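Peer 1: Please find one structure pasted underneath; my questions will follow.
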Amino acid sequence: MHSRHFPPPLAHPHRALTTRPDFPPLTIREYRAGDEAAILETFNEVFRQVDPGFEGRTMEEWRWRYLENPSGWRIWLATAPDGSVVSQYAGVAQRVLLEGSPAHFSQAVDSMTDPAWRRGLKKPGFFVLTGYPYAENYGGPPPDKDTIMWGLPIPSAWRIGKTYLDYELIRTQLKLVCPLENLDAGGAGGAEVEEVECFPEEILDLFQRAAEPWGAMAVRDAEQLNWRFVQRPGGNYKIALVRGADGLRGMAVYGSGVFDGDAGAEPEGLVCDWLVRPGDDGASAALLAWLAEVARADGRECLTALFPDTAPDWIAFQEAGFRVHPTRYFLVGRNYVNRYRMRWLYQNWYYTLGDTDLC
Amino acid sequence: MDAHAYEIRAFRDGDENSLLRAFNRVFGASDAAFRPRTLEEWNWEFRANPAGRRVFLALFEGEVVAQYAALPARVWIDGRESTFAQIIDSLVDPAHRSGLKRPGLFVRTAWPFFDAYGGPEKDLVHYGWPVASAWRIGKTFLDYEIVRTQTLLGREPGPGPAELPGGVEVLERFDHQARWLYDRCAGEWGASAIRDEDFLNWRFVNNPHHDYTILAVKDDEGIVRGHAVYRFGDWVMPGMGIVCDWLVPPDEPEIGALLTEGVLAQARSDGARSVAALFPEWSPWFQRFQDAGWLVRPSEYFMVARNFDRRFDMLWLRDHWWYQLADTDLV
C-alpha cells in the first residue's frame, strides 16, 4: 500500500540530499541484524551533544526496546559506506485492540541525524528521507500494518513532521498532579492491593474488560506488560493488583522520575500504568492509596498521572485531589485509515504514561 | 461550473441584503432551531465592531453564494498593537458546493481573503473554532493548524448564597477604567485582545443576541479591580452559567476569589445547573479555579489558527496567547 503524498523513491538519495560533492553515497534501508552497534554509537553521540548529562544507552537497553518488544520493531536507517549510521527513524510498536479487532500502532521515538552530516544538506534532510520509507513500509490498514503512528515530538521534529510527514495534532497533552497530602483516595470498600513481581496471565481478562468502552487501547497482556515494566533493563517499577472473586479488578504501576521537568528537576512519583474495570471505584481507591503509599516510601512529594482528558479517570483523579497542569508535550499522529482521524483518536483512544517512552 | 462565473471580492455596501439571504438560506437549511439573522444583528457584528470588518464574498449572477468572514480584534502582542481576526459565518450555498473542481468555492473565497487581510503588517493571526468539515478543508488548503484542544473548567454552583457577596457589584456598561484594568493584566501575556471600553461595550452591552451581566469589584476609590462577564443560557449544557470574560490581575487572587463567589451566586440565582469558564492552562486562574472546586473537562472544541508572522506559530500561541470565551462567537 502506498501512503499519501509520497515522492517517488530516490535512485541516488545522496545526490539529492546535498550540494557537497564530497558526500559519500548513502543507503537508506531498514534495520538489519548487526546494525545495532552503529545505531548505538550514533545515538549516544547525538544525544550526548544535546544533553551533557546523558548517560548513554546500553546494548542491553537497545535490544530490550526494539528486538525484544513482543509487538515488534520499526527502524529505518541512512547508512554510510563504512556502515556507520547517519540517521534513524524508529518506532516502538504496539499491538492494539481497535474497535474489538487486532491492530497495530507505533510510537515514533529516537529519531536522530548525526550533526556531522547535517551541514550542506538540502531540505528535507535525512529525518524525512528515512521517515518516508518508514511510513511507506509500516503504515497501513490493520491488522498487520500500523494504522496509527504517533508521538510526542520536540518542536523542531513537529515542524518538519507536519510539513513533510503528515503529522497532525491529536491533543494538547495535560497532566494530573497531586501533592500526596492532598490525596483523598476514597473508600476502597474492602478491596485489597497485592504487590507482585510480574503480571499474571489473567491480566488479559482485565484488559479486555477495561478496553470495552474504548475504540482503541494498546494490548495489556502479561507478555507486553512484563516486557514493558519487569524486563526493562534498569527499570525500577512497582506493580499492584486488586483481585476480585471473578478475576482481576485493577492494576497500577508505580515509577519514579522526571516526566516533564527540566534536567535536574526533583523526581516525582509517576502513575506509569493504570487499568481498572469501568466503574470499579473500590479498586481505584485501593490502588490510589497504594500509589500514595509507595510514593511516600520512595521519598516523593507528589504523584503525576497522564490520561486522555476524555477518560473517566481524568475526572475521578481530579475528584481525588489531582490538579490539571500543562506540559511541554503535545500528542501528534498520522493515520493510515480514513476512519481513524485525529478527532476519532482524541475521543476514542485510551493511553497512559506507560504507552509512551517518558517513564 | 467555471470559476470565472463567480465574482469573488471584498464586501461592498449594498451587499448586505443578498448576504443575509444567503446566510439565512444556508444555515436555516441545516438547523431546525435556526432563527434568521436580522440586518440589525449583522450591522452590530460587522459594521459596529470597533476593530473593523473582514468579509469576502462570492457572487453568482449578482447574488451572494459564498462568504469567508472574520471579526477583527485589536491585540497587544510582543509589545505592540496589531490585530487578530476570528473566522466566523463562513458559508457556501449548497447549490454551489460541487460546481467547481477541488478546491471548491469555500477555498477560492478564502484565498483572496487571506491575501487581503493576513500579513506581518496586517492581521497577524486568523483563528476560529471550525466544524469538522471546515477543519478538514482548512488544513488541506488554507494552512489551518490546531493551537490547542480546548478544555473547559466547570462545576455545579452548589449550595450557598444567591445574592452577590459584599464588594461585588453589577455594572451597566464599561468605561475608561476597562483599559486601566486590562493594562494591569496584560503585562503577563504575550498576546491578548485589548479590552477597552469600545471593545467590551460592543461585545457585551450592545450585543443583540444575548444579555450579559457585568460583575465587578471596585476598591474604596471606585477603581475597578476586576471584572467577570457572565451569561445564563444553553451552551455545552442546557441552563448553565457561562463566564464569558474574566479580567483580574494575576497577582490579586483575593479579587478573583470574590468575583468567583459572585459568579456562583449569580448562577444560583439563575437556577443554573452548572457553570463553565475557559482559561489557558498556563494561567494562574486555571489552577485557582481548580482549587475552588472547578474540574477540567474536555470539550468538542479545538482552537485553530493560521499565523502570518513566523514568530507567532501555534506553539507560541498556545503558550502566550490569553483568550476567553469573549474572544469567540460561541457565547
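The values are calculated or read from the model by the stated rules, or taken from the named source; none is laboratory data. If you're wondering where the values come from, they're calculated on a predicted model, not measured in any experiment. Neighbour counts run over all protein chains shown; Cβ positions are idealised from the backbone, glycine included.
Peer 1: For a quick check of your reading: which strands (runs of 3 or more DSSP E) sit entirely within the range A:256-359 and have at least 1 residues that are of a type in the set (S, T, N, Q)?
Peer 2: Those strands (runs of 3 or more DSSP E) span A:302-305, A:323-335.
Peer 1: Please determine whether any residue of the range A:253-265 is touching a residue at least 40 places away in the same chain (Cβ under 8 Å), surrounded by fewer than 20 Cβ atoms within 10 Å (Cβ to Cβ) and closer than 16 Å to A:Gly190 by Cα.
Peer 2: no
Peer 1: B:Ala29 - would you say it is outside any loop (DSSP other than H, G, I, E, B), over 21 Å from B:His126 (Cβ atoms) and hydrophobic (A, V, I, L, M, F, W, C)?
Peer 2: It is true that B:Ala29 is outside any loop (DSSP other than H, G, I, E, B), over 21 Å from B:His126 (Cβ atoms) and hydrophobic (A, V, I, L, M, F, W, C).
Peer 1: Sticking with this structure for a sec: Where in the range A:147-220 are there strands (runs of 3 or more DSSP E), lying wholly inside it, with at least 1 residues that are touching a residue at least 60 places away in the same chain (Cβ under 8 Å) and within 14 Å of chain B (Cβ to nearest Cβ)?
Peer 2: Those strands (runs of 3 or more DSSP E) span A:168-179.
Peer 1: Additional query: Quickly run through the range B:261-296 and pick out the residues that are away from chain A (no Cβ under 14 Å), without any contact (Cβ under 8 Å) to a residue 60 or more places away in the chain and assigned to a helix (DSSP H, G or I).
Peer 2: B:Val263, B:Asp270
Peer 1: For the range A:212-240, give me each residue that is closer than 12 Å to A:Val253 by Cα, under 15 Å from the mean Cα position of the chain (by Cα) and hydrophobic (A, V, I, L, M, F, W, C).
Peer 2: A:Leu225, A:Phe229 - these are the residues of the range A:212-240 that are closer than 12 Å to A:Val253 by Cα, under 15 Å from the mean Cα position of the chain (by Cα) and hydrophobic (A, V, I, L, M, F, W, C).
Peer 1: Take the range A:220-252 and flag every residue that is surrounded by fewer than 17 Cβ atoms within 10 Å (Cβ to Cβ) and of a type in the set (S, T, N, Q).
Peer 2: Hits for the range A:220-252 are A:Gln231, A:Asn236.
Peer 1: I've got another one for you. B:Pro130 - would you say it is assigned to a loop (DSSP other than H, G, I, E, B) and within 14 Å of another protein chain (Cβ to nearest Cβ)?
Peer 2: Spelling it out, B:Pro130 is indeed assigned to a loop (DSSP other than H, G, I, E, B) and within 14 Å of another protein chain (Cβ to nearest Cβ).
Peer 1: (1) in contact (Cβ under 8 Å) with a residue 24 or more places away in the chain; (2) within 19 Å of A:Val86 (Cα to Cα); (3) polar (S, T, N, Q): which one isn't true of A:Asn44, the others all being true?
Peer 2: (1)
Peer 1: While we're here: Which residue pairs have Cβ atoms under 7 Å apart, sit 6 or more places apart or on different chains, and have a first residue in the range B:305-320 that is facing chain A (nearest Cβ under 10 Å) and a second that is hydroxyl-bearing (Ser, Thr, Tyr) and part of a strand (DSSP E or B)?
Peer 2: Every condition considered, the pairs that remain are B:Arg318/A:Thr172.
Peer 1: Quick one: which residue in A:Leu287, A:Leu291, A:Leu358, A:Leu303 is in contact with a helix residue (DSSP H, G or I) (Cβ under 7 Å, 6 or more places away or on another chain) and either away from chain B (no Cβ under 14 Å) or free of Cβ contacts under 8 Å to residues at least 60 places away in the same chain (or both)?
Peer 2: Checking each option against the conditions leaves just A:Leu303.
Peer 1: Now a separate question. Determine if the range A:127-144 includes at least one residue that is more than 14 Å from chain B (Cβ to nearest Cβ), touching a helix residue (DSSP H, G or I) at 6+ places or on another chain (Cβ under 8 Å), at pLDDT below 85 and within 25 Å of B:Phe312 (Cα to Cα).
Peer 2: Yes, the range A:127-144 contains at least one residue that is more than 14 Å from chain B (Cβ to nearest Cβ), touching a helix residue (DSSP H, G or I) at 6+ places or on another chain (Cβ under 8 Å), at pLDDT below 85 and within 25 Å of B:Phe312 (Cα to Cα).
Peer 1: Among the numbered criteria (1) surrounded by fewer than 20 Cβ atoms within 10 Å (Cβ to Cβ); (2) closer than 18 Å to B:Val170 by Cα, which single criterion is violated by B:Val263?
Peer 2: Evaluating B:Val263 over (1) surrounded by fewer than 20 Cβ atoms within 10 Å (Cβ to Cβ); (2) closer than 18 Å to B:Val170 by Cα leaves (1) as the failure.
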